[in-house]
Amino acid sequence: MFARAPILSIFYERLFPMALELRQQLKLTTQLVMTPQLQQAIKLLQLSRLELLETVQNELLDNPFLEETQEEALPDNDEKRPEAEEATGYEQEAVRNADWEDYLGEFASTPRLSQTREYESFEDITPFETRYSGKPSLEGHLLWQLRLSSLTDAQKDIGEIIIGNLSSTGYLQATLDEIAEMAERTPDEVLTVLEIVQQFDPVGVAARTPQECLLVQLKVLRYDRDPILVELVRDHLEDLEERRYKPLLRKFKLEMEEIKEYMDIIQSLDPLPGASFGGGDSVYVSPDVFVYQHGDDFLIVLNDDGLPSLQLSPAYETRLALMSDKEKEYCAERMRSASWLIKSLHQRQRTLYRVMESIVKHQKAFFAEGVSRLAPLILKDIAEDIEMHESTVSRITTNKYVATPHGVFELKFFFNSALGLDDGSQVGSESVKALLKKFIAEEDPKEPLSDERLGDMLKEHVKVNIARRTVAKYRTAMNIPSSSRRKEHF
């Protein structure tokens with residue numbers, strides 16, 4: 001019995017090694033933490049010009065350490081005031097944080113030109129009719145609803161990616177797995193947000209199939225309580241389109257009048273919820289960026305008109321000695337908040353400039369000649385060029401407008417898919433749409449051009465092979481009726 005004790009000891013050591021010894025292990029991990037300051041900087045990127053002005057004004061009211069710079073004229077003898085010769089400690093801190101001394105150098109695309117030539121205002125050099133832009137796009141309309149929703153910040157991030165992957169007719173062009181990978185979330189989380197976005201106005205947007213689009217509308221209208229109607233939409237749309245009614249009558253044991261009633265309901269739904277969006281009266285917008293042409297070059301000028309120039313207020317510096325520790329802690333926190341806002345605004349403008357500079361580089365033919373020369377471009381191209389993340393480019397181009405020699409355009413307008421040409425090169429889809437619109441505008445009202453004929457004309461002019469159904473899709477996205485309806489109109 002005593003001889004077995006060592007054997008049992010070895011057995012227990014092998015079976016329960018942790019019971020006999022303790023080990024310490026060091027493990028290094030990296031984790032991204034979204035601080036409130038970083039969240040504020042990201043939020044500023046996606047704000048429109050009006051929203052940015054409102055945010056800055058609210059911060060001026062809320063933060064006593066933040067104030068608007070007051071520009072005062074110097075005396076006639078050009079002598080500076082003694083008190084202006086030395087900056088206060090707060091002002092020095094703001095300069096260090098925001099790098100204001102490099103501001104002009106970073107934002108001047110052609111410094112010599114900008115220093116030697118005074119440019120006329122945009123209103124003086126641009127025709128009146130080109131100062132107008134259409135109503136907010138489908139994407140902008142959905143993002144506005146997303147921001148007003150009660151979703152969490154993580155869900156809103158997913159929603160932005162969903163909205164950013166919609167076609168012109170409102171259909172989702174990415175899979176759940178692709179969106180989950182971009183958002184670094186699970187497909188189930190993406191599906192939850194997708195179902196909410198699909199109920200935004202217009203109802204049925206972000207659907208993946210026509211059946212799903214119509215089923216969402218049935219659910220909102222509370223027609224989904226009829227199982228026969230739901231099954232007709234889900235499984236028999238093609239039969240209804242081809243007027244194969246007899247098999248349906250037998251399957252559901254219906255009369256022809258009942259089928260017609262179901263058809264009336266289905267025909268009242270909108271299979272292309274995003275196609276008709278964006279039409280209507282033009283509205284005036286204040287561009288965020290101006291692009292001027294000077295010879296073969298282009299000068300980019302950010303629109304800072306109305307945006308206050310901020311600085312840290314020196315008023316509290318003399319009172320710090322009389323404050324308690326708690327008051328000093330509060331002042332330090334508010335001072336950091338004000339400094340970060342100044343730095344974030346500077347970073348926002350710098351990012352906007354860099355993105356616009358890259359867009360001009362990629363779309364130089366457009367700025368020189370017009371929409372017909374718009375090249376294919378995706379967010380990834382700009383992100384790689386300026387070495388930033390795609391999400392940053394997506395945010396900074398949302399609800400931002402640029403005034404060009406050819407009119408006012410949303411920055412999202414410059415991102416479009418590619419169509420292959422016969423010589424192996426590519427042309428942007430927006431250029432093809434512009435040509436289609438031109439052909440239709442010049443057609444004979446008595447003999448309107450068919451989609452097939454429009455495809456042949458595109459083949460002749462730009463050497464692009466485009467199917468008839470693609471022509472029909474582009475025509476529908478521009479709210480242009482078919483040739484038969486255009487003829488009936490006259």
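The values are calculated or read from the model by the stated rules, or taken from the named source; none is laboratory data. Keep in mind that what you see is a predicted model, and the values were worked out from it rather than measured. We place every Cβ from the backbone using ideal geometry, glycine too, and count neighbours over all the protein chains shown.
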* Would region 204-220 turn up any residue that is within 30 Å of Glu160 (Cβ to Cβ) and in contact with a Cys (Cβ under 7 Å, 6 or more places away or on another chain)? -> yes
Scanning region 267-287 for residues that are part of a loop (DSSP other than H, G, I, E, B) and either in contact with a strand residue (DSSP E or B) (Cβ under 6 Å, 6 or more places away or on another chain) or at pLDDT below 85 (or both) gives Gly274, Ala275, Ser276, Phe277, Gly278, Gly279, Gly280, Asp281, Ser282, Val285, Ser286, Pro287
For region 41-90 the number of residues that are in contact with a strand residue (DSSP E or B) (Cβ under 6 Å, 6 or more places away or on another chain), modelled with pLDDT under 80 and either crowded, with 16+ Cβ neighbours inside 10 Å or in the same structural domain as Ser337 (by TED's automatic domain parsing) (or both) is 1
Within region 243-275, residues touching a residue at least 60 places away in the same chain (Cβ under 8 Å) and either in contact with a Ser or Thr (Cβ under 9 Å, 6 or more places away or on another chain) or of a type in the set (Phe, Trp, Tyr) (or both) come out as Asp270, Pro271, Leu272, Pro273, Gly274, Ala275
Restricting attention to region 377-414, the residues that are assigned to a strand (DSSP E or B), at pLDDT 85 or above and either closer than 21 Å to Gln39 by Cα or of a type in the set (Gly, Ala, Ser) (or both) number exactly 1
* in a helix (DSSP H, G or I), hydroxyl-bearing (Ser, Thr, Tyr), within 17 Å of Glu410 (Cβ to Cβ) and touching a residue at least 60 places away in the same chain (Cβ under 8 Å), is that true of Ser358? -> no
Checking Leu379, Leu352, Leu411 in turn, the sole residue that is over 30 Å from Leu435 (Cβ atoms) and within 14 Å of the chain's Cα centre (by Cα) turns out to be Leu352
So, first residue within 10 Å of Phe200 (Cα to Cα) in region 140-157, second residue modelled with pLDDT of 85 or more and in a loop (DSSP other than H, G, I, E, B), Cβ within less than 7 Å, six or more apart or across chains; the pairs are Leu142/Phe200; Leu142/Val205; Gln145/Phe200; Gln145/Asp201
Within region 228-250, residues being at pLDDT 90 or above and over 42 Å from the mean Cα position of the chain (by Cα) number 0
Checked against (1) touching a strand residue (DSSP E or B) at 6+ places or on another chain (Cβ under 9 Å); (2) at negative phi; (3) surrounded by fewer than 20 Cβ atoms within 10 Å (Cβ to Cβ), Thr397 satisfies every condition except (3)
